[in-house]
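Participant: A single structure is presented below for examination.
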Amino acid sequence: MEMGYMWMRRVRFGVNPLFLAMAYSSSATTLPCFPPHPLFSFTCFKPPHLISLPSSHGPRSISISTPSSCSSAASLLSLPENHDFPDGERGQTYTHLPKGSKVLLKGLNYAEFQEWVQSHGFRPGQALMLWKRLYGDNIWAHDIDELKGLNKDFKKMLSEHAELRALSLKDILTASDGTRKILFALDDGLVIETVVIPCDRGRTTVCVSSQVGCAMNCQFCYTGRMGLRRHLTAAEIVEQAVYARRLLSGDVGSITNVVFMGMGEPFHNIEDVIKAADILVDEQGLHFSPRKVTVSTSGLVPQLKRFLHESKCALAVSLNATTDEVRNWIMPINRKYKLSFLLETLKEELKFKNNYKVLFEYVMLAGINDSIEDAKRLIDLVKGIPCKINLISFNPHCGSQFRPSSDEKMIEFRNILAEGGCIVFMRFSRGDDQMAACGQLGKPGSSQAPLLRVPEQFRVALNLGM
């Protein structure tokens, strides 16, 4: 047994919408290449690798977040429609620390970082020098040898007690439009994807992932086919942006924007996402403007409220429907947090935010949510909420039966919104020839979240017949 210890991982299970969907398995529509067969992870025995100190929101004790890579028994669950969805709790904790474990520095915000350096007998000024070498000064250090100008004893301590790197580069794919998809390997062998999107207006955006897979099971999203494998740590989230700057700044120019719109539901991993966003905007480090760091959610309302209270960063809400009937189908989280509750919460919370607009994302699905009536309903739904609306072209993949709305339809939809007084933009596909576009990230594998039953009135639109 490794290191002479038996490590029991305590796992607290939230409900994955993948399992809730099994309640509909008798009427679920499943594509031939995606058989429903969800796996349920039980207690496994494996020591952790790296330590992350807790966020300032939690108790003052050391916690460890490590990969979940154990094999598990298959268990098919049937859940009632009103069963709770996951609310963002941490999935696993550890009760022991193995000797020789190293602190993963990119998992610490600056206050924790400084405290850790001082706990080893070094001055706050040395902590700042190290912080700038990890995140600023165009160094973005990944190993001890790159820490030029630091005290020799300080570097020796770091080599013994700290780990600088959270990810391993696996591959970089370049799309015909210049978009890059970066594949990173995690310690447990799982893979995440990050996208860098250059823009000819001097803005380059890095789209980061917050989970391996996703529990929300949105029907139009390729990542949703994976189910949730595990949360990413704050270090694994931050390092995606660090790597993007380190690898591509010379090719695409300064990376100015960060969007949490990659793999996963950010607010299901709220602790690590808030901490990662805090690190990204630190003025002594990566120094992204809070207004240029946008965190997107499918609508986890309690976490949305917490984010608005605790974070200075921007918020995007993936709306994608104007009725509960459609949203219940294409975004199952709506069964818990209805449209009216979500929008009323935003209306109330934004009263206390000055000069703040939420970004509503609306993926255009042909024959499903792109009618003139939908456009008119959308105007009414967002009335009273300071907002912008981003109309997004659906990006096809083999895990979905949807089709993109035509350009003409999107323009017509946009014009109706604009005439109704909305601030509206259109976002067309970027990187789709490398599966790097919105909704195309991930690799589901052999065990998939099921496709849910299509309401009768939309079967024709999906060429399913009646």
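The values are calculated or read from the model by the stated rules, or taken from the named source; none is laboratory data. The shown structure was predicted, so the numbers you read here are calculated from the model rather than taken from an experiment. Counting neighbours? That spans all protein chains shown, and the Cβs are built from the backbone with ideal geometry, glycine included. Please note that ligands, DNA and RNA were not included when accessible areas were found on the heavy atoms of the full protein model with its side chains. Shrake-Rupley method; radii C 1.70, N 1.55, O 1.52, S 1.80 Å.
Participant: Only residues in the range 135-152 that are more than 21 Å from His287 (Cα to Cα) count as the first member; pair them with residues that are of a type in the set (Lys, Arg), Cβ under 6 angstrom, at least 6 apart or cross-chain, and list the lot.
Facilitator: The qualifying pairs are Ile144/Lys155.
Participant: Across the range 317-350, what is the number of residues that are of a type in the set (A, V, I, L, M), more than 9 Å from Gly299 (Cβ to Cβ) and touching a residue at least 60 places away in the same chain (Cβ under 8 Å)?
Facilitator: The total comes to 2.
Participant: Sticking with this structure for a sec: Which residues, taken from the range 420-431, are modelled with pLDDT of 90 or more, within 26 Å of Val382 (Cβ to Cβ) and buried (at least 18 other Cβ atoms within 10 Å of the Cβ)?
Facilitator: The answer is Cys422, Val424, Arg430.
Participant: Which of the residues that make up the range 432-448 are in a loop (DSSP other than H, G, I, E, B) and more than 18 Å from the chain's Cα centre (by Cα)?
Facilitator: Gly445, Ser446, Ser447
Participant: Report, by residue number, each residue of the range 288-301 that is in contact (Cβ under 8 Å) with a residue 60 or more places away in the chain and farther than 17 Å from Met331 by Cβ.
Facilitator: Answer for the range 288-301, where residues must be in contact (Cβ under 8 Å) with a residue 60 or more places away in the chain and farther than 17 Å from Met331 by Cβ: just Thr294.
Participant: Which of the residues belonging to the range 117-156 are surrounded by 13 or more Cβ atoms within 10 Å (Cβ to Cβ), farther than 28 Å from Thr256 by Cα and polar (S, T, N, Q)?
Facilitator: Selection gives Gln118, Asn151.
Participant: Another question, then. Any idea how many residues of the range 285-306 are closer than 17 Å to Asn257 by Cα, of a type outside the set (Gly, Ala, Ser) and open to solvent by 10 Å² or more (accessible area, probe 1.4 Å)?
Facilitator: 5
Participant: Out of the residues in the range 174-185 that are aliphatic (A, V, I, L, M) and in contact with an Asp or Glu (Cβ under 9 Å, 6 or more places away or on another chain), state the one that is surrounded by the most Cβ atoms within 10 Å (Cβ to Cβ).
Facilitator: Restricting to residues being aliphatic (A, V, I, L, M) and in contact with an Asp or Glu (Cβ under 9 Å, 6 or more places away or on another chain), the top hit is Ile182.
Participant: Separate question: With the condition kept exactly as written, say whether any residue in the range 404-417 is in the same structural domain as Phe360 (by the TED database), part of a loop (DSSP other than H, G, I, E, B) and free of Cβ contacts under 8 Å to residues at least 60 places away in the same chain.
Facilitator: Yes; the residues of the range 404-417 include at least one that is in the same structural domain as Phe360 (by the TED database), part of a loop (DSSP other than H, G, I, E, B) and free of Cβ contacts under 8 Å to residues at least 60 places away in the same chain.
Participant: Test Leu417 against the criterion of being open to solvent by less than 50 Å² (accessible area, probe 1.4 Å) and in contact with a helix residue (DSSP H, G or I) (Cβ under 7 Å, 6 or more places away or on another chain), and give yes or no.
Facilitator: In short, yes.
Participant: I'd like the full set of residues that are open to solvent by less than 30 Å² (accessible area, probe 1.4 Å) and either in contact with a helix residue (DSSP H, G or I) (Cβ under 6 Å, 6 or more places away or on another chain) or of a type outside the set (S, T, N, Q) (or both), limited to the range 186-206.
Facilitator: So the first thing to find is which residues in the range 186-206 are open to solvent by less than 30 Å² (accessible area, probe 1.4 Å), and the list is 186, 188, 192-196, 198, 204-206.
Correct list: Leu186, Asp188, Ile192, Glu193, Thr194, Val195, Val196, Pro198, Thr204, Val206.
Participant: Looking at Gly107, Gly136, Gly149 in this structure, which one is touching a His at 6+ places or on another chain (Cβ under 8 Å) and under 20 Å from Arg246 (Cα atoms)? Give the derivation first.
Facilitator: On the way: Gly107 fails: touching a His at 6+ places or on another chain (Cβ under 8 Å); Gly149 fails: touching a His at 6+ places or on another chain (Cβ under 8 Å).
Of Gly107, Gly136, Gly149, the one residue that is touching a His at 6+ places or on another chain (Cβ under 8 Å) and under 20 Å from Arg246 (Cα atoms) is Gly136.
Participant: Another one. Could you count how many residues in the range 323-336 are in a loop (DSSP other than H, G, I, E, B) and either among the aromatic types (Phe, Trp, Tyr) or open to solvent by less than 10 Å² (accessible area, probe 1.4 Å) (or both)?
Facilitator: Total meeting the criteria: 1.
Participant: Among Ile255, Ile274, which is in the same structural domain as Met216 (by the TED database) and out of contact with any strand residue (DSSP E or B) (no Cβ under 6 Å at 6 or more places or on another chain)?
Facilitator: The conditions single out Ile274.
Participant: While we're here: Hey, can you tell me all the residues within the range 432-466 that are open to solvent by 50 Å² or more (accessible area, probe 1.4 Å) and either more than 30 Å from Val196 (Cα to Cα) or not assigned by the TED database to the domain that holds Leu391 (or both)?
Facilitator: Correct list: Arg453, Glu456, Gln457, Arg459, Val460, Asn463, Leu464, Met466.
Participant: Would you pick out the residues in the range 256-298 that are of a type in the set (D, E, K, R) and within 22 Å of Gly442 (Cβ to Cβ)?
Facilitator: Glu265, Asp272
Participant: Right, Gln434: farther than 30 Å from Thr204 by Cβ and in contact with a strand residue (DSSP E or B) (Cβ under 9 Å, 6 or more places away or on another chain) or not?
Facilitator: Details: farther than 30 Å from Thr204 by Cβ: no; in contact with a strand residue (DSSP E or B) (Cβ under 9 Å, 6 or more places away or on another chain): yes.
So Gln434 does not fit the description; no.
Participant: Ok, one more. Being outside any loop (DSSP other than H, G, I, E, B), aliphatic (A, V, I, L, M) and more than 13 Å from the chain's Cα centre (by Cα) is the filter here, so list the residues in the range 260-318 that pass it.
Facilitator: Of the residues in the range 260-318, the ones outside any loop (DSSP other than H, G, I, E, B) are 260, 266-280, 290-297, 301-310, 314-318.
With the extra rule that they be aliphatic (A, V, I, L, M), the set shrinks to 270, 273-274, 276-277, 279-280, 293, 295, 301, 304, 308, 314-317.
Within the range 260-318, Ile279, Leu280, Val301, Leu304, Leu308, Ala314 qualify.
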